[in-house]
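Here the structure is laid out as structure tokens; the discussion comes afterwards.
All of the numbers you see were taken from the coordinates with simple rules; none came from a lab. Keep in mind that what you see is a predicted model, and the values were worked out from it rather than measured. Cβ: placed from backbone, ideal geometry, glycine included. Neighbour counts: every protein chain shown.
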Amino acid sequence: MSDIIKLENLTKKFGDLVAVNNVSLNIKEGEIFGLLGPNGAGKTTIINMVLSLLHPTSGRILVNGLDVVKNKEKVKQLIGMMTQETVVEPDLTGAQNLELFCQLYHIAEEKIPAAVRFGLEEADLMKFADVKAGTYSGGMQRRLGLVRAMLQEPKLLLLDEPTTGLDVQNRVSMWQRIKDLNKKGTTLLLTTQYLEEADELCDRLAIIDHGRVIAQGTPSELKRMASEGEILEIITSPEMAQKAANFLRTKFRISPEVKGDRIKAIVQKTEAEKLTKITKGLEQEKIPIFSISIHLPTLDDVFIKLTGATIRDTTQETESAMTRTFMGRHR
Ligand SMILES: Nc1ncnc2c1ncn2[C@@H]1O[C@H](COP(=O)(O)OP(=O)(O)OP(=O)(O)O)[C@@H](O)[C@H]1O
Ligand SMILES: [Mg+2]
């Protein structure tokens, strides 16, 4: 399979901040490729450079063999884009929103009604065609955003956090839409902060942190990087976590890591018997167990192994910092 996108030593600086740091990646025609990373990792900056909305500080991007900086217009025709914040024209109806984009894409006038109808059907919005898009729910606006990106039938679709902020039901239905588009032959480059989403959708992915690719591969290759064994995870009370870890060390020769109320260790292949013995032992020591499990490594385990933090912690830290800034401004 040929590479539809090539990022070569891509770097983007904003003043002193290195938002994207020497990233090299190849995205193959026909695949779903994910950029997985927390807030501020550099995902949107990479997407904006592929679209040539931003120019690289150094390095280059080829789309279908064309340098995007030198072939802006040609490359634009190959790419459909759904931005992180779906922007619909609130005072136009769903149908009018799609018409507007057909005109922006220079779709021939006589083809527009059919394209709009097709888009509304694909987005399951036919019933709401003549309702103002500003009144649509978040899920409906995202669906409109997705079909809008598909109007010119691009070979390549960029989706920047397609399901952030959606409820579970809308997220799962968006996943199905994305898989269907891929089955019909569209290559997809998407960004996400959700490990489950990367795992569910992506043929291959790159984990991005502070502008760098810290790992890349198929979801199963990445999970194997976390450990060859399985992960034992126990949640107890924060005061008891250290005691529980010591108990596991002395009685079971397991070397766990403790973080707050959570104890994690790599163990060899699931042994139901071991789990029962550990549970009994902890109970005898009067250590409360709120949950105990042995599972295969997840992408979260990979992220922890590589960065020392969970992706959620990293994301929440930024979010709480943002909340503080926001609250500060209103004080
Ligand atoms: N135009 C800009 N000027 C200055 N700094 C910027 C600009 N755009 C992005 N940044 C910074 O670059 C870094 C990467 O931002 P980017 O938006 O690419 O992250 P992201 O991975 O898309 O995050 P999120 O998940 O929150 O969307 C952040 O530190 C951000 O503050
Ligand atoms: Mg972003």
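The angle between the Cα long axis of helix 168-183 and the main principal axis of the chain comes to about 60°, on a 0 to 90 degree scale. All C-alpha pair distances within the range 169-224, sorted into 5 Å bins from zero, spread as 4, 17, 27, 24, 16, 10, 2 percent across the bins.
Distance between the 7 Å Cα→Cβ label points at Leu100 and Thr250: 6.9 nm.
Can you grab the distance from the C-alpha centre of the range 242-258 to the C-alpha centre of the range 1-70, Å, no decimals? Centre-to-centre distance over Cα atoms comes out at 43 Å. If you plug the beta carbon distance of Ala309 and Glu8 into 1/(1 + (r/R0)^6) with R0 = 45 Å, you get a FRET efficiency near 0.95. Convex hull volume of the C-alpha atoms in the range 228-296, normalised per residue: 74 Å³.
For the chain, a crude dipole built from +1 on the beta carbon of Lys and Arg and -1 on the beta carbon of Asp and Glu, taken about the Cα centre, is about 720 debye to the nearest 20. Using equal-weight Cα scatterers in the Debye expression, the normalised intensity of the range 1-88 in log10 at q = 0.15, 0.21, 0.25 Å⁻¹ is -0.56, -1.10, -1.46.
Report note on the peptides 44-57, 162-175: ranked by the mean count of other C-beta atoms within 10 Å, highest first, their order is 44-57, 162-175. Beyond 20 Å in Cα-Cα separation lie the following of the pairs Lys74/Lys155; Lys72/Lys183; Lys28/Lys111; Lys72/Lys111; Lys28/Lys183; Lys12/Lys70: Lys72/Lys183; Lys28/Lys111; Lys72/Lys111.
Note that the range 187-265 shows a convex hull volume over its alpha carbon atoms of 120 Å³ per residue. Note on the range 23-152: percent of Cα-Cα distances in each 5 Å bin, starting at 0 and stopping at the bin with the largest distance, equals 2, 10, 18, 18, 17, 15, 13, 6, 2, 0.
Mean sequence separation of contacting Cα pairs (under 8 Å, at least six apart), scaled by the length of the range 228-296, corresponds to a relative contact order of 47 percent. The mean sequence distance of close C-alpha pairs (under 8 Å, at least 6 residues apart), as a share of the length of the chain, puts its relative contact order at 18 percent. Please enumerate, by chain and number, the lysines with C-alpha under 25 Å from the C-alpha of Lys277, excluding those fewer than 8 residues away in the same chain. Partners within reach: Lys243, Lys251, Lys259, Lys264, Lys269, Lys286.
Please list log₁₀ I(q)/I(0) at q = 0.11 Å⁻¹ for the chain, using the Debye equation with identical point scatterers on the alpha-carbon positions. Log10 of I(q)/I(0), two decimals: -0.82. If you plug the beta carbon distance of Gln176 and Leu66 into 1/(1 + (r/R0)^6) with R0 = 35 Å, you get a FRET efficiency near 0.65. Across the range 74-134, C-alpha contacts under 8 Å between residues 6 or more apart give a mean separation that, scaled by the residue count, equals a relative contact order of 49 percent.
Annotation: the antiparallel percentage among DSSP beta bridges lying fully within the chain is about 65.
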